[in-house]
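The values are calculated or read from the model by the stated rules, or taken from the named source; none is laboratory data. This structure is a prediction, so every number in the text was calculated from the model and none was measured. Here the Cβ positions follow ideal geometry from the backbone for every residue, glycine too, while neighbour counts run over all protein chains shown.
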Amino acid sequence: MSKTLIKNIGTLAGILPAGKKRLCGEEMAHLETISNAWLTIEDGRIKDFGEATNGKCEAANGEYDTTIDAQGGTVLPSFCDSHTHIVYAGSREGEFVDKIRGLSYEDIARRGGGILNSADRLHELSEEELYGQAMRRVNEIIHKGTGCVEIKSGYGLTLEDELKMLRVIRRIKETSPIEVRATFLGAHAVGRAYAGRQAEYVEHIIRDMLPAVAAEGLADFIDVFCDRGFFTPEETSQLLEAGAKYGLRAKIHGQELADSGGVEVAVKHGALSVDHLEAMTDRDIELFRQSNTMPTALPGTSFFLNMPFAPARKMIDAGLAVATASDYNPGSTPSGDMKFIVSLACIKMRLMPAEAINAATINTAAAMDVSNDFGSITRGKVANLIVTEPIPSIDFIPYAYTMPIIRRVILRGKEIKE
Ligand code: NIG
Ligand code: FE
């Protein structure tokens, strides 16, 4: 049994009682902390923690294989990131420049760029090369403090290439210390071979792709880009019903480009989350209120596309739980920096620092159904932790919005070295 002690913790933050799976409305404004703390880890899980009296970790007496000196820094639960597309080929900076020139995200998609551009590039790469590119990004986000990530397919858009993406995600699961959940997103855009035949493409997903994905056990969840110019609520409904037959819970891209019914269909199917929500309405707030579906804001996307932000403040004021995620992808936000997402949530969506940290930890963990094991400092949870340099307060985290304050990263109780 391996035992680790973290001592000299200036502030231990993000403490929650066992069984608390999400924070709603006013609860989000509270971040439980202990000053001058210690924390112990046994076999990769948080064993105990408390306040050090007279510099001594009294309740933590005993023998440890490893002692980590936090040197007065703050210890937080690792970020969780419930929405990414980090398995992709190459990059799309040409479209970034087109957007500066005035083209919209939808203009680019209509010209055959966007998601289809990434699908063409992914088709050219071997599984090995794709894994290599994706692992660079996985290691990047680990060092930026993410300990649990959801990764979507959706740049394959053919049976073979969707399976290629999902096998790469499985290999990441097997080889990286980060916790991974895989989402099948065959309905991200209509594959080129089916141009002009969207209904047939939906049928192809249901008839051919889903059974093959399920046969290899490659996905935990199913996603659909339910929005103007992409898939309709009716098609989304068919796809979610088909996914449910294989035990895949839904996570939906919705209400990004227009008020297009994404929340309604998602809630109807008991989706885990609806993500984006930049164009959501007051009616959607009511729908969320009557469900367990987690509204998930992606402020990095709004920032990068220079578009409106999801009304997260309004949702919290209405008593809802709100999660954030990075949406790391080559087109609408090529960054998986969750600390920056916390800053954007404060600066652009007017969340208080504690709310933004809760959105980026416990609530985003709930949006991928892992909050029993991740997303807070709780006895028994997986010891995925961030140790910062000494900082004056929790508010300093979003305030210092480009400062690399994370000094150490611990995943499953083990420090990850450079
Ligand atoms: O979440 N909105 C749909 N899909 C991605 C973007 C994908 C892309 O442009 O490559 C998103 O923003
Ligand atoms: Fe996305």
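Each row is one residue, and each column tells you yes or no for (1) in contact with a Phe, Trp or Tyr (Cβ under 9 Å, 6 or more places away or on another chain); (2) modelled with pLDDT under 95; (3) among the small types (Gly, Ala, Ser).
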{"residue": "Asp337", "(1), (2), (3)": "yes, no, no"}
{"residue": "Val342", "(1), (2), (3)": "yes, no, no"}
{"residue": "Ile362", "(1), (2), (3)": "yes, no, no"}
{"residue": "Ala367", "(1), (2), (3)": "no, no, yes"}
{"residue": "Ala383", "(1), (2), (3)": "no, no, yes"}
{"residue": "Ile410", "(1), (2), (3)": "no, no, no"}
{"residue": "Glu415", "(1), (2), (3)": "no, no, no"}
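Within the set Gly196, Gly229, the sole residue that is surrounded by fewer than 22 Cβ atoms within 10 Å (Cβ to Cβ), outside any helix (DSSP H, G or I) and either acidic (Asp, Glu) or within 16 Å of ligand 1 (Cβ to nearest atom) (or both) turns out to be Gly229.
Within the range 265-316, being charged (D, E, K, R) and within 16 Å of ligand 1 (Cβ to nearest atom) holds for Asp275, Glu278.
Restricting Asp275, Asp317 to those that are in contact with a Gly (Cβ under 9 Å, 6 or more places away or on another chain), surrounded by fewer than 19 Cβ atoms within 10 Å (Cβ to Cβ) and touching a residue at least 40 places away in the same chain (Cβ under 8 Å) reduces the list to Asp317. Within the bounds of the range 265-283, is there any residue that is within 21 Å of Ser153 (Cα to Cα), part of a helix (DSSP H, G or I) and within 16 Å of ligand 2 (Cβ to nearest atom)? Within the range 265-283, one or more residues are within 21 Å of Ser153 (Cα to Cα), part of a helix (DSSP H, G or I) and within 16 Å of ligand 2 (Cβ to nearest atom). Filtering the range 382-418 to residues that are under 20 Å from the mean Cα position of the chain (by Cα), part of a loop (DSSP other than H, G, I, E, B) and buried (at least 20 other Cβ atoms within 10 Å of the Cβ) leaves Ala383, Asn384. Considering the range 1-53, the qualifying strands (runs of 3 or more DSSP E), each wholly inside and each with 2 or more residues that are in contact (Cβ under 8 Å) with a residue 24 or more places away in the chain and within 23 Å of the chain's Cα centre (by Cα), run over 3-15, 45-51.
So that you can scan it fast, the table gives a plain yes or no per residue for (1) among the small types (Gly, Ala, Ser); (2) assigned by TED's automatic domain parsing to the domain that holds Gly331; (3) within 16 Å of ligand 2 (Cβ to nearest atom):
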| residue | (1), (2), (3) |
| --- | --- |
| His85 | no, yes, yes |
| Ala89 | yes, yes, no |
| Arg92 | no, yes, yes |
| Gly102 | yes, yes, no |
| Arg111 | no, yes, no |
| Leu116 | no, yes, yes |
| Leu122 | no, yes, yes |
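Annotation: Val190 fulfils all but one of (1) within 16 Å of ligand 1 (Cβ to nearest atom); (2) in a helix (DSSP H, G or I); the unmet one is (2).
Among the conditions (1) among the polar types (S, T, N, Q); (2) within 16 Å of ligand 2 (Cβ to nearest atom); (3) part of a loop (DSSP other than H, G, I, E, B), the only one that Asn372 does not satisfy is (2).
Residue-wise test of (1) more than 19 Å from Leu163 (Cα to Cα); (2) within 13 Å of ligand 1 (Cβ to nearest atom).
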| position | (1), (2) |
| --- | --- |
| Arg92 | yes, yes |
| Ile100 | yes, no |
| Tyr105 | yes, yes |
| Asn117 | no, yes |
| Asp120 | no, yes |
| Glu124 | no, no |
| Glu128 | no, no |
| Met135 | no, no |
| Ile142 | yes, no |
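Of all residues in the range 279-286, none are within 18 Å of the chain's Cα centre (by Cα) and buried (at least 20 other Cβ atoms within 10 Å of the Cβ). Name the single residue, out of those in the range 326-336 being in a loop (DSSP other than H, G, I, E, B) and out of contact with any strand residue (DSSP E or B) (no Cβ under 9 Å at 6 or more places or on another chain), that is farthest from ligand 1 (Cβ to nearest atom). So, considering only residues that are in a loop (DSSP other than H, G, I, E, B) and out of contact with any strand residue (DSSP E or B) (no Cβ under 9 Å at 6 or more places or on another chain), the one farthest from ligand 1 (Cβ to nearest atom) is Ser335.
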